[in-house]
Structure formats: C-alpha cells, structure tokens
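All remarks here apply to the structure that follows.
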Amino acid sequence: MTATSLIGQSIVKPDARDKALGRTQYGVDLKPRDALVAKVLRSPHPHARILRMDVSKARQLPGVVAVVTAEDTPAVHYGRWVHDRTVFARDKVRHVGEPVAAVAAVDEDTAEEALDLISVEYEQIPEVVDPQSAMAPGAPLVHEDMASYGPSTVRRGGQGNILDQTVISAGDVEKALAQCDVVQRQSYQAPATHHGTIQTHEAVASVDATGKVTLWSATKSAFAVRQTVCLALGLPMSRLRLIVTAMGGDFGARGTAVIEPIVVLLALKTHRPVALTLTRQEEFTGTSYREPAYMELEVGAKKDGTLLAVRGKYTIDTGAYHDSVGHLRPNTAMLVGPYRVPNFHLEGFVVYTNNVPRGHVRAPRAPYPIFAIESLIDAVADKLGMDPVEMRLKNAVQNGDTVPIGAVVEHVGFTQTLQAVSAHLEKEGKPQAPNQAWGVAAGQWSIHPIESGGPTSAAYVKVNEDGTAVLVTGVADQGAGQHALMAQIVAEVLSIPYDAVSLVAADTDLTPYEQATGGSRTTYRAGTTVRLAAEDARRQLISLASERLKVAGADLGMEGGKVFSREAPEVSVTLAALGAASLGSRGGPIMGSSNAGRAELMEAMAKAHGTVDGPIYCCHAAQVEVDPETGQVKVLKYFVAQDVGRALNPKLVEAQIQGGVVFGLGGALTEAVAEQQGHVLNANLLDYRQPVATSVPPIEMTLIEEPSQFGPWGAKGVGEPPTVPVGAAIANAIFRAVGARVTTLPLTPDRVVQALKNRP
Amino acid sequence: MKQLISLKVNGTTHEVAVEPYWTLLNVIRDHLGLTGTKRGCDSGDCGACTVIMNGKPVNSCLVLAVDARDRDILTIEGLAQDGKLHPLQEAFIEKGGIQCGYCTPGMIMMAKALLDENPRPTEAQVRQAIAGNLCRCTGYVKIVEAILAASEAMTPAKP
C-alpha cells in the first residue's frame, strides 16, 4: 500500500461522539410520542398444558387497545435454525417465561394491569431439566412432534428429546490409549450464562395506511429477523421493513427474532405504533443464552508429550427451544483443541429440556469444550513433568494439517501465539509470593472450511459529485466499530480521506443483504464484500478518467482524490470532476457493486474449497493468587497472544481483546444463571455477577499477524476468540498456585475450597 | 393521583404532573424526552441511569420523581457547554472508552461526580467510583484510561 495507507491506522469510531453526548438513539428512544406500550404475559411453569385462557377482562380494561394470543397468529412454527417455536404457546408451555399472550395499551401501568386480568388455567406436567434425564428412556417429551419441524436441512437426531447428535472419529482410540504412557480422564461441567447486555431487548413497530410495517429493532441480523418475522406472521417480505437502531451491546443476544414478531403483530392489530422493552427479569426468561454443557474427556500421551488419543463426549442442554446455529460437528471437534491428535472418538448431543431456551453468547459453544481439553492437557503436562507451553508447542496444529472436521487448515498462526506466551512468561518470571502462579490455555475459533457458496453479503459504493463517497451496506454495528472499519476500507480503496466516506447501513429495504454481524465474520467476510464494491467504483472512475484523459486505464493511478497518468502525473483529473462528469456519462453515476468482482472471488474460493482460510488461534496466560482458606481467586495479571491476520485498526482490535477477556473472566469466576426445576433464581444484575471495574486485572497482549487469503488485507476475525480460553487459563493457574483442580465453571470460592480438600 | 412538581434539569425548570410512584428515570426519559439517560435494570444494579442530583451521583431508577422536586439535576445532555464537549466526553471518544455506548452516559456522569469531588483520583479510586456502573463491551480498560486522561486535562499535575 501507499505511504498514506489507512490500513493499520487506529481511526476513532465516528459514532463515539453522539454516544458521548447521549444523542444516539437505541431501540425505543425513537418511539413516537403516541406509541402504545406492549407487555408480554409469560408462563410461570416449566412444563404445563394450557387448559383454558380468558382475555375478555383484559380487553375491556380502558386504555387497552389489543390483546393477542396464539389464536391471532398463523398456525406455523418458525425459528432461526430449527422451526420449533410459535409466537405464543399453543397447547402447552415448555419453559418458564414462554409468551402466552401480549397486550398493547396506552401506557405501561395499563398494560401491566391488563396482564393481571388475563386468566390462564394450566395443568402442570412433569418437566425434564437436565440432559441426562431428558435422554433417558421414558423421559417426558419436550416436543412431541419434533420430526415434523423444518427446515429439512437442519440435521436432527429426531429421537426422544435428542435434537441433534454426531460422532467424529479417526484412527483407533482403544489401541492408541493402550500405547500411551499417561492417560488422564475427567468430567467437566459448565452452566448457562447470560449475554448481559446493558440495554434489554427493545423494538418499535408502526404500520402505514397501505399495511406496510416498519420495524425498528436493536438487532445485528436485520435480514434474518425480517425473514423470521415474515415466516411467523405470514407476511411477504415486501410488507416489512426492518431498520436497525443503535444496539446497547450484543454478545449473541441480538441475532434472532426475540420480541419482534410480537411487536409487529400488535402494530398490525392496532394500526398504531407499538413499543416493547423487556424488563431485566424477562432478559433471563424470555431470551436465549449460552447452554450448559457436560464434557467427558480422556486424553493419552507418550512420555515425550506427544498426544496420541482423545476420547470425548459433549452434551448440550439446549433448553425448550433451539436458538443456536446447527454447528454441532465443529463444536464437538473442539474437544481435541488446537492439536494434532491422530486417534480420536468424539460424540456430541444436543438435547431439549424444559429450561429457558439456549442460544448464542459471545463465542457460542467454544469456551466449554476448550475449558475441558485445555484443563486436561494441562493435567497431562503436569503428570509428565513438562512445561505446559512446551507440551502445547509439541502438539500444535500447523499449516496444511487436516483437523478433525476433515478440512485442511491454512495460514495458521498458532505456534507464534504459544511462543509469544512463552516469551512473556520468561520476562515475567515465576511469582515468588505463596499461592501465586501463572496458568496458560489456548483457544481457537472460525475453524470452518470454505464452502461452495460465496459470502452471503453485498454492498454498494456511490461516488458523489464532489468526489466523496457513500457506502451502502447491510452491516450492523454493535459498537465494536464495524462501521468505522467498513468506511476505512472504502477510503483506502478510493484513496480518499476517511471522513470523506459516509455510510447507510442495516435497513432491509434500503441496503443489500447481509448475513449478520457475528461469529467474528464481519471484517473478514463483509469487509471483503465492501472492498469489492469499492474496487468496482474505483474501476468505473478509472474507466471514465481514461476516456477523459485519453490514457489507457492500466496506465492510470489513483491517489489523494485524483486519477493521474503514471507516466505524466500532471495529466490528472479529480474524483470530484469524475463524480460530476459521471452523472450524464455512458456508464451513469458511479455506483460500485460488490457483485461485480464476485465471480473472480468465488473462483478463487472454489480453488480453496474445503480448506480453512481464516482460522484464529490464541494463547492466554493468567497470573492468579488463591486464598487457600476462603477459596477466593484474584487475577493479578493477564496476557493474550492472538493471531488477528492483519490488524486493520489496532485500537479497535485491542478493545475487542480487552473486552473479550473480561467477558471471559465473568464466565470463569462469577457468572452462572442459577436454575432450579426450570426456574431462574438470579434474574437480575445483582445476583448474576458480571465483572465490575474493580475486578479486572491489567491486560497485556501481543498481536500475531499471519495473513488470511480472503480477508481484506489478510485480516481475520477478532471478537469471539478472546473469550474462549479464559476459564481454562484461570483454572490452570489455580492448579499451579495451590494444586487444586476445579472442573466445574465458574471457579467459585466454594469449588476451590472443595477441590483443595480433594487434593490427592 | 398525579402531583404537579417542578424539576430543574440541565438548568431548565419543567412543571410535570407525576404519579407518586414514578421514578426520576421515567420522567426524564418519557416526559422530558431526554433519552440520553439509559435504562438497564430498574433496580439500581447497572448504573446506566446515573445522573447528578444536587452534586451527587444517583441511580435515577431508584429516585422517585417527587423526591427530585426542586433539586438541581444534571443529565448527559447538560454536560457539553455551547457545543463544546466536556473533557470527559472528549477523553472517552479519544481513548476508545466507547463501544456500544449504552453505559457511556451513566459512566460519564459517575466520573464527573468523582472528578468534582476528587480532581486527581488514583486508578484504584477511579475503579472504585465506577464499580457500580456495568460495562459489557470494554472490560473497563479504556474507560479507566479516559477518566484518568480527563482528570489530567482538567487539572494538570503541578510541575
């Protein structure tokens, strides 16, 4: 790139100013003054038949404009991945918090009063709340007609309460384990955890005289949510426009339709704007979040530390409805960690229960299998008397390796992250104080092979008559700075200043399709799409300049807002002049489309088919101090080495890693949704303990840049991986400090004390 | 029964008819239209609704509107003066202390209350002061940096 390249520059996010001023509008901030207030009546039982429901008293209450139930919706099932739910419970409720009715009223007080006036007669039936019981023969069925649920592309076990199951194996585990010098086995457990966004779910819907609905929602998946709402309510997509508002945090909370079908239904019923804000309590029973998991693991190694075999079983409690993507295979494959293991046998199960539905939380499904394997590898290293980083280096996955899902990984930067941790620990030295130690753990993300389809994403770049540009993209920004990055890419390609690019985003009628801002895919995939659109605009500018300057396109350069002849730089034309001239030109006003360069991209992707292009690996080290009396764990220092491919905006990368680590610290030490027979006991932010400013250690990091092939300028994803290994890093540090192995997350003082008692 | 009260918010006095059980947060947001103050939990656990009342930071979801009668209330909208951002706002932007921005107004108001009382806090004092304000994005790192930078900008250390 040129000396003036914007790539690698820490440009300040343009949305920060409005946010600092309190001007940014999130969710219901933009509701019209006459908007009705919606409230949802939810099931108080984990499993019950609905015998009778009477809403007549609620309908008669002055100020109530509509009361809706299952009778007001089409008899269809919908869902983001498995079509297993309805807007309101029909014949039975499957979890505490399941919607059974909703009201729209002139104000909140009236809406709440109306909920009290709805009478529902339930007959409770036995619930199943853990996957082991749910998988047992004769267990109560959560879904009686699971086999009928679409879409057929989603693989399902289809037996009893088992939604999905998989087996991945290679070599001969029995034989290999018999040849090992050390074999360690252990069971691990981890709880439901919450995304804990500070803004609860909010949406506003309004209907015009033609019946067209506009929905304002704080979602990161505008198009997916539109699709779901349309499916649930039987609307053609042309009748629903979804405009994304600012989001008060995402972390997996905002990828599926949660409240949107209800808000739209009420707007259609009342012909008035309707606003709905979930309470904090409803966030815990009316949304979906990280699933509890149970891991059984056996690892065998030779004396020299070579891993020979892993046997594992991974069981997920997906609650009453499944809001998780159907990637059971790669998630189960995480049980071998980022290592070369010639023999493995891994089983995975996804099981329905009568718990609150499970869905995505930052790095969905990755932290728990990694907690298991990274804890057990550490135990094997200890048994062998090997340095834990050395052990990992010896077995680390390398370029060209075939990983358990059957794909070949390319552009692997794992070894470099391990070396960076090793160097950092050397520099830090062993803590001399008693009960203090460093622990390490590795992590991985995006181990998905390139598929036959291209990126589910498109973008336009328009060049204005003054040479500035507008990017039109479906990308939603949850705050990580995605919009800043996308604009940075356009500015770079057109060689114009960063602030000469503005952005229209995430509006289903206005902007092109975009899958979602999630899975650490935005920079990597959407960034590539945006780059294609900018490159098409650039080609159009060059072509127009070529006509005007009578210089072949190949001999033209673009820099500093000008197109110029490389041979005679004084022969030039400004982008402003080209933008203005384009209006009546043969090619028309400049409008670059990502579809223009797509064929070429897809050809290159076809050549790389089946390989993993942007695998992300990282290694963490945590220094803890453990109080052996109380079991209290204090994290004193933290270090991260992560392969980011290329840091397009280092400050934003750093911010993602800091935030991701602290998110992981919550899951490691304090966060667990306390569930009892399907009820949530700590549905508030006092008893569900997220990290606070006083609980955070200093975080240092080294960024490794092992470029990907298809990410813009080699970038890989960043946001999910830093959350993945934190639990294991702390657990391993606790072991190194006091010799106690805690195998259940979070690593609470009582568990540490218990593990100390159980020390051999 | 509603009562007519006067509320002084960001220097402007408003006459508002409020139910006795309405919170200051509700009135600020829904009746005065000042949506910069955020709602996160309605129970004083997250700090997103922090405003300054008579010089002290309060969770506006825990203050009844009638109890805020005739008090001097400052919200995030009242912080910038004549289009000039407060040094805390500048520092939050510059240091990258803002991601989703939802905790930002409460966080900045809490930080302002701290700096009003203790212009040169230590890092530990900053962390202590904002320990009741939850942020889920940043891990607090750049927020703490921003508050310390604002403190430095407002009250430079003596040479």
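Here A:Pro62 meets the list (1) closer than 16 Å to A:Thr287 by Cα; (2) part of a loop (DSSP other than H, G, I, E, B) almost entirely, failing just condition (1).
Whether any residue in segment A:289-311 is outside any loop (DSSP other than H, G, I, E, B) and without any contact (Cβ under 8 Å) to a residue 60 or more places away in the chain is what I want to check. Taking every residue of segment A:289-311 in turn, none turns out to be outside any loop (DSSP other than H, G, I, E, B) and without any contact (Cβ under 8 Å) to a residue 60 or more places away in the chain. Residues in segment A:263-297 that are away from chain B (no Cβ under 14 Å), in contact with a Leu (Cβ under 9 Å, 6 or more places away or on another chain) and surrounded by 21 or more Cβ atoms within 10 Å (Cβ to Cβ): A:Val263, A:Val264, A:Leu265, A:Leu266, A:Ala267, A:Pro273, A:Val274, A:Gly286, A:Thr287, A:Met295, A:Leu297.
For segment A:579-616, filtering for residues that are of a type in the set (D, E, K, R) and either buried (at least 21 other Cβ atoms within 10 Å of the Cβ) or in a loop (DSSP other than H, G, I, E, B) (or both) leaves 2.
Exactly one residue among A:Ala16, A:Ala35 is within 14 Å of chain B (Cβ to nearest Cβ), of a type in the set (A, V, I, L, M, F, W, C) and over 15 Å from A:Val264 (Cα atoms), and that residue is A:Ala16. A residue that is away from chain B (no Cβ under 14 Å), of a type outside the set (Phe, Trp, Tyr) and in a strand (DSSP E or B) cannot be found anywhere in segment A:218-238.
The residue list A:Thr193, A:Thr256 contains one member that is within 26 Å of A:Arg362 (Cα to Cα), at pLDDT below 95 and buried (at least 22 other Cβ atoms within 10 Å of the Cβ), which is A:Thr256. Filtering segment A:736-760 to residues that are part of a helix (DSSP H, G or I) and out of contact with any strand residue (DSSP E or B) (no Cβ under 7 Å at 6 or more places or on another chain) leaves A:Pro749, A:Asp750, A:Val753, A:Gln754, A:Ala755, A:Leu756, A:Lys757.
Residues in segment A:169-187 that are crowded, with 19+ Cβ neighbours inside 10 Å and in contact with a Lys or Arg (Cβ under 6 Å, 6 or more places away or on another chain): 1 in all.
Consider segment B:11-38 and keep the residues that are in a strand (DSSP E or B) and surrounded by fewer than 21 Cβ atoms within 10 Å (Cβ to Cβ). The one that is farthest from the other protein chains (Cβ to nearest Cβ) is B:Thr13. Residue count for segment A:84-123 under the criterion of being within 14 Å of another protein chain (Cβ to nearest Cβ), outside any loop (DSSP other than H, G, I, E, B), in contact (Cβ under 8 Å) with a residue 40 or more places away in the chain and not small (Gly, Ala, Ser): the result is 4.
Of the set (1) buried (at least 18 other Cβ atoms within 10 Å of the Cβ); (2) assigned to a helix (DSSP H, G or I), all apply to A:Pro404 but (2). Only one entry in A:Gly660, A:Gly614, A:Gly610 is more than 14 Å from chain B (Cβ to nearest Cβ) and either among the hydroxyl-bearing types (Ser, Thr, Tyr) or under 28 Å from A:Met391 (Cβ atoms) (or both), namely A:Gly614.
Evaluation of A:Trp445 against the conditions (1) over 18 Å from the mean Cα position of the chain (by Cα); (2) under 30 Å from A:Ala728 (Cβ atoms); (3) aromatic (Phe, Trp, Tyr) shows that the sole unmet condition is (1). Determine which single condition A:Asp208 fails, assuming it passes every other condition in (1) more than 32 Å from the chain's Cα centre (by Cα); (2) within 24 Å of A:Leu231 (Cβ to Cβ); (3) touching a residue at least 24 places away in the same chain (Cβ under 8 Å). Here A:Asp208 meets the rest and fails (3). A:Asn684 meets all of the listed conditions (1) among the polar types (S, T, N, Q); (2) out of contact with any Lys or Arg (no Cβ under 9 Å at 6 or more places or on another chain); (3) at the interface with chain B (Cβ under 9 Å from one of its Cβ atoms); (4) farther than 26 Å from A:Lys637 by Cα but one, namely (2). Screening A:Leu141 with (1) within 23 Å of A:Phe349 (Cα to Cα); (2) part of a strand (DSSP E or B) gives one miss only, at (2).
Taking the numbered list (1) touching a residue at least 24 places away in the same chain (Cβ under 8 Å); (2) more than 22 Å from the chain's Cα centre (by Cα) in turn, A:Val351 passes all entries but (2). Sub-7 Å Cβ pairs linking a first residue in segment A:475-494 that is at positive phi and within 12 Å of chain B (Cβ to nearest Cβ) to a second residue that is part of a helix (DSSP H, G or I) and crowded, with 24+ Cβ neighbours inside 10 Å, at least 6 apart or interchain, are A:Gly481/A:Leu652, ordered by first then second residue. Candidates are the residues of segment A:687-717 that are of a type in the set (A, V, I, L, M, F, W, C) and away from chain B (no Cβ under 11 Å); the one that is surrounded by the most Cβ atoms within 10 Å (Cβ to Cβ) is A:Ala715.
The values are calculated or read from the model by the stated rules, or taken from the named source; none is laboratory data. It should be emphasised that the depicted structure is a prediction, and the values quoted were computed from it without experimental measurement. In this analysis, Cβ positions are derived from the backbone assuming ideal geometry, glycine residues included, and neighbour counts consider all displayed protein chains.
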